[in-house]
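The structure appears right after this line, and notes come after that.
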Amino acid sequence: GENVEQHPSTLSVQEGDSAVIKCTYSDSASNYFPWYKQELGKGPQLIIDIRSNVGEKKDQRIAVTLNKTAKHFSLHITETQPEDSAVYFCAGGGADGLTFGKGTHLIIQP
Amino acid sequence: EAGVTQSPTHLIKTRGQQATLRCSPISGHTSVYWYQQALGLGLQFLLWYDEGEERNRGNFPPRFSGRQFPNYSSELNVNALELEDSALYLCASSVEGADTQYFGPGTRLTVL
């Protein structure tokens, strides 16, 4: 089955700086890679996703890149703001289900 | 449009009891997924239901079971509760055959 590794587990950045979270996956059949943001006491919220036929996708301050050859994908957040503080999860898979990374706690320092 | 809803928000049980958690998917979604989120362990896949049938099951003992009703809502049952079952249980839904899952707010289960 699929195995998704995520790092770092904790990331602290200064407000206004960029944050990068990286994930690797093992199953070459995986073709869908979403990212979720989970705030304290809430369920995970989908923030961006990418499919295997695309190398990069952007949505305002958030971008995701995918390298299928190396089996890794990354989340990039630019101009970080206090409301970006949360736990971020990557996942890999497809219509048959998703496997999640263990999460990254992103801390935005004022 | 209403999102995925779960009830109850919190549930406190004692060891050996049974717990029942409920989930209503987004309107039009036929697939329901259940995950366990224990502290520090990320999201662990439990069960996947689609069109009333169990499609896949994660690496959990048989005392974790569930069902999906004709209106696509779902129920997760945990029998013979153990202390380590304490966790946030998340439900997600998707359109049939789609890969994108949308999560509810979760049910916090505490086993004393």
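The values are calculated or read from the model by the stated rules, or taken from the named source; none is laboratory data. None of these values were measured; they are calculated from a predicted model. Cβ coordinates were reconstructed from backbone atoms using ideal geometry, including for glycine residues, and neighbour counts include every protein chain displayed.
Filter the strands (runs of 3 or more DSSP E) completely within the range A:20-105 down to those with at least 3 residues that are free of Cβ contacts under 8 Å to residues at least 24 places away in the same chain. Let's see the steps before the verdict.
Values: elements: A:32-38, A:45-51, A:56-59, A:62-67, A:72-77, A:86-94, A:97-100.
Strands (runs of 3 or more DSSP E) meeting the threshold: A:45-51, A:56-59, A:62-67.
Which ones in the range A:97-107 are surrounded by fewer than 19 Cβ atoms within 10 Å (Cβ to Cβ), more than 7 Å from every other protein chain (Cβ to nearest Cβ) and of a type outside the set (Val, Ile, Thr)?
So in the range A:97-107, the residues surrounded by fewer than 19 Cβ atoms within 10 Å (Cβ to Cβ) come out as A:102, A:105, A:107.
Now drop any that are not more than 7 Å from every other protein chain (Cβ to nearest Cβ), which leaves A:105, A:107.
A:HIS105, the sole residue that qualifies.
So, in the range B:76-91, how many residues would count as being under 15 Å from B:GLY58 (Cβ atoms), of a type outside the set (Phe, Trp, Tyr) and within 14 Å of chain A (Cβ to nearest Cβ)?
Total satisfying the criteria: 3.
Name every residue in the range A:47-70 that is touching a His at 6+ places or on another chain (Cβ under 7 Å) and surrounded by fewer than 12 Cβ atoms within 10 Å (Cβ to Cβ), in order of residue number.
none
In the list A:ALA63, A:ALA86, which residue meets the criterion of being away from chain B (no Cβ under 13 Å), small (Gly, Ala, Ser), farther than 28 Å from B:THR5 by Cα and within 13 Å of the chain's Cα centre (by Cα)? Give the steps one after another, and end with the answer.
Numbers: A:ALA86 fails: farther than 28 Å from B:THR5 by Cα.
Only one candidate passes the filter, namely A:ALA63.
Surrounded by 22 or more Cβ atoms within 10 Å (Cβ to Cβ), at pLDDT below 95 and either more than 30 Å from A:PRO8 (Cα to Cα) or out of contact with any helix residue (DSSP H, G or I) (no Cβ under 6 Å at 6 or more places or on another chain) (or both): is that true of B:LEU43 in this structure?
Numbers: surrounded by 22 or more Cβ atoms within 10 Å (Cβ to Cβ): yes; at pLDDT below 95: yes; either more than 30 Å from A:PRO8 (Cα to Cα) or out of contact with any helix residue (DSSP H, G or I) (no Cβ under 6 Å at 6 or more places or on another chain) (or both): yes.
When the stated conditions are applied, B:LEU43 passes them.
Output the number of the condition that B:LEU41 fails; it satisfies all remaining conditions of (1) facing chain A (nearest Cβ under 10 Å); (2) in a strand (DSSP E or B).
Evaluating B:LEU41 over (1) facing chain A (nearest Cβ under 10 Å); (2) in a strand (DSSP E or B) leaves (2) as the failure.
Of the residues in the range A:12-28, how many are out of contact with any Asp or Glu (no Cβ under 8 Å at 6 or more places or on another chain) and either crowded, with 18+ Cβ neighbours inside 10 Å or within 14 Å of chain B (Cβ to nearest Cβ) (or both)?
1
Can you give me the ranges of the strands (runs of 3 or more DSSP E) entirely in the range B:59-112 with at least 1 residues that are touching a residue at least 60 places away in the same chain (Cβ under 8 Å) and more than 21 Å from B:GLY28 (Cβ to Cβ)?
Numbers: elements: B:64-68, B:74-78, B:87-94, B:107-111.
The qualifying strands (runs of 3 or more DSSP E) are B:74-78, B:87-94, B:107-111.
Restrict the check to the range B:76-87 and report whether at least one residue is closer than 25 Å to A:PHE89 by Cβ, modelled with pLDDT of 95 or more, within 11 Å of the chain's Cα centre (by Cα) and surrounded by 13 or more Cβ atoms within 10 Å (Cβ to Cβ).
Yes, the range B:76-87 contains at least one residue that is closer than 25 Å to A:PHE89 by Cβ, modelled with pLDDT of 95 or more, within 11 Å of the chain's Cα centre (by Cα) and surrounded by 13 or more Cβ atoms within 10 Å (Cβ to Cβ).
In the range B:23-30, is there at least one residue being within 13 Å of chain A (Cβ to nearest Cβ) and more than 17 Å from B:SER93 (Cβ to Cβ)?
No, the conditions are met nowhere in the range B:23-30.
So which residues in the range A:29-56 are within 13 Å of A:LYS71 (Cβ to Cβ) and within 12 Å of chain B (Cβ to nearest Cβ), if there are any at all? I'd like the intermediate steps shown before the answer.
First pass over the range A:29-56, keeping only residues within 13 Å of A:LYS71 (Cβ to Cβ): A:29-31, A:33, A:52.
Across the range A:29-56, the qualifying residues are A:SER30, A:ASN31, A:PHE33, A:SER52.
Please verify whether A:PHE73 is buried (at least 19 other Cβ atoms within 10 Å of the Cβ), more than 14 Å from chain B (Cβ to nearest Cβ) and within 29 Å of B:LEU46 (Cα to Cα), treating the condition exactly as stated. Before the answer, list the steps.
Details: buried (at least 19 other Cβ atoms within 10 Å of the Cβ): yes; more than 14 Å from chain B (Cβ to nearest Cβ): yes; within 29 Å of B:LEU46 (Cα to Cα): yes.
Against the criterion (buried (at least 19 other Cβ atoms within 10 Å of the Cβ), more than 14 Å from chain B (Cβ to nearest Cβ) and within 29 Å of B:LEU46 (Cα to Cα)), A:PHE73 qualifies.
Mind checking which residues of the range B:54-75 are more than 14 Å from chain A (Cβ to nearest Cβ) and either touching a helix residue (DSSP H, G or I) at 6+ places or on another chain (Cβ under 7 Å) or surrounded by fewer than 16 Cβ atoms within 10 Å (Cβ to Cβ) (or both)?
B:PRO61, B:PRO62, B:ARG63, B:ARG67, B:PHE69, B:PRO70, B:ASN71
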